[in-house]
Every structure is written in structure tokens, then in C-alpha cells.
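Everything below concerns the one structure shown next.
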Amino acid sequence: MAIKHNAMENTTPAIPSLYEWAGGMPALVTLFDKFYDKVLADDILEPVFKHMSPEHRLHVAHFVAEVLGGPKIYSESEGNHFKMIQKHLSKYLTQEHRKRWMELLLLTADELSLPDDPEFRSAFMAYLEWGTRIAVINSNTDNVSEDPNVPMPVWGWGVPGGPYQG
């Protein structure tokens, strides 16, 4: 991982967020756009996503960007973590759906040359594993048991403290 140095020699180097390291919003918008093209052509996932709104791809890009340390576009204008959980209620996702979603997203990340250094991919994978498992759990219920005011998850470079640091 390359570290950006501040203008003055004796200052602490600034560590980029996962969002910055991934390539910022353009990289994430492209990732989810190309990824959902694959989803809609996939026998396992197409039935789940065939009725998604045209804005779905962009909303997911904004959500993931914010979680990875990017701008708060999702939480300031599109929803919050509670609303994201609600979108998964009664979708009845399975582990097969989750694993295929992960497989196609990582394939797309490789095709688009998202950073593949172990530090980034480890942190990125950790968030995807956590998030997709939460989605499966919530998709198999009709009610959210989570506090509606739970903060957006914040994911970093393996920093202790859990996803709700904000």
C-alpha cells in the first residue's frame, strides 16, 4: 500500500480510505454497473434482481462508497443502513445467492483491475462477507429487529472497533 505524504516532511503520512484506494466513485459506479450486467445474465441471480429499479446500481455504489470511507451521498439523500436492511426483507436469499453474488462481484473487480493488493482485497472481502451475510439473515424475515437509528457501517483497513464506528 502506497502512503500519501503531506506537504511537510515531519507530518504523519495520510493513509487513504478504502474508497480512495479503490479509485473513488468512478471506480465503484463502474464496478456495480458492470456487475449488475452479469447479475441480470445469471441463472441464479437474475430471478432475484430482474425487477430492480434503474437506480439500484447507483444506490448500491453510493452505499458501498460511503461504507468504505467515501462521501455520504447514500445517507444524506438516498436512505440509511436501516432502509438498506428493509430493502432485503422477505427476499428469501439463500447461501447459493450470496455466494454467487460474491463470485460475480469479485470477478468484475478483477476484470476492472480494482486494486488487488492483499491489504485492500482483505478489507474489501471482509466487508462483502459481512454485508452479504447480513442481507441473507434479513431477507429471511418480515421484520427488522435492528434499531432504525443504527449508524452506517464504516469499514477500514482492519482497524478494531467493528463496522459501526461512525
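Taken together, the values in this text are just the output of simple stated rules run on the coordinates, not laboratory data. Note that the structure is predicted; figures quoted are calculated from it, not measured. Quick reminder, even Gly has a Cβ in these numbers, built from the backbone with ideal geometry, and neighbours come from all protein chains shown.
For the chain, the number of Lys pairs separated by eight or more positions or lying on different chains, with C-alpha atoms closer than 28 Å, is 26. Sorted fewest first by neighbouring Cβ atoms within 10 angstrom, F63, F120, F49 come out as F49, F120, F63. Using a Gaussian network model of the chain in which every pair of alpha carbons under 10 angstrom is joined by a spring, one finds that among E111, E66, E20 the greatest mean-square fluctuation is at E111. Taking 0.36 nm per residue of separation and subtracting the current Cα-Cα distance, fully stretching the chain between D33 and E111 would add 26.8 nm. Among G69, G79, G156, which one shows the highest mean-square fluctuation when the chain is modelled as a Gaussian network with alpha-carbon springs under 10 Å? Of G69, G79, G156, the Gaussian network model singles out G79 as fluctuating most. Diffusion coefficient of the chain by Stokes-Einstein, Kirkwood radius over Cα pairs, 20 °C, 1.002 mPa s: 127 µm²/s.
Can you give the FRET efficiency for A14 and E129, using 1/(1 + (r/R0)^6), R0 = 41 Å, r = Cβ-Cβ distance, to the nearest 0.05? The pair A14/E129 has a calculated efficiency of 0.90.
A Cβ-based charge dipole, computed about the Cα centre of the chain with Lys and Arg at +1 and Asp and Glu at -1, lands at about 260 debye.
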